[in-house]
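Here's the structure, in structure tokens; my notes come after.
The values are calculated or read from the model by the stated rules, or taken from the named source; none is laboratory data. Small disclaimer: the values here were computed from a predicted structure and weren't measured. Positions of Cβ are backbone-derived with ideal geometry, glycine not excepted, and every protein chain shown enters the neighbour counts.
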Amino acid sequence: MEYKRSESFRHELQTPVDIRYSCIVNQIAFTRVGKILDISPSGVSILVKDELTEEELYNDLTFSFCLHTKEIQTGGIVRWKKYHNDGFRYGVELQTTEQIEKLIIEELKLRRKQEVLEMKKNG
């Protein structure tokens, strides 16, 4: 399961962002949580404690997260997996529209501006 996003705009988050993802398997819906480690307008790298099930890997997942102030919801497909000291790291290709990509970029700009102000404030 190897996949590389070929984007020049990928932002590694200084503080990981909470993400919820859900899946419906055999008409049963469930939700789990993780952390976004890096993000681009079309993909995320997430860290989760437990390994994803086969159903999660091969069914549509719905993701929900907030980078700054607005909730972003979109579908996604897992493209790769790596083992991590704190669990499992997965690369997800987001199924975005142009509107969602613009929202991700705007929220990242606002988040980064806030991070810079906090760094200046804390010296």
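Residues of the stretch 39-96 that are in a loop (DSSP other than H, G, I, E, B) and more than 13 Å from the chain's Cα centre (by Cα): K49, D50, E51, L52, T53, N59, D60, H68, T69, K70, N85, D86. With respect to the stated conditions, L110 fails to be part of a strand (DSSP E or B), on the phi < 0 side of the Ramachandran plot and either of a type in the set (D, E, K, R) or in contact with a Ser or Thr (Cβ under 8 Å, 6 or more places away or on another chain) (or both). Against the conditions (1) in contact with a Leu (Cβ under 7 Å, 6 or more places away or on another chain); (2) over 17 Å from R10 (Cα atoms); (3) surrounded by 12 or more Cβ atoms within 10 Å (Cβ to Cβ); (4) modelled with pLDDT under 95, S42 satisfies every one except (2). Let me confirm something: among E12, E71, which residue is surrounded by fewer than 18 Cβ atoms within 10 Å (Cβ to Cβ), closer than 27 Å to L110 by Cβ, free of Cβ contacts under 8 Å to residues at least 12 places away in the same chain and touching a strand residue (DSSP E or B) at 6+ places or on another chain (Cβ under 7 Å)? The match here is E71.
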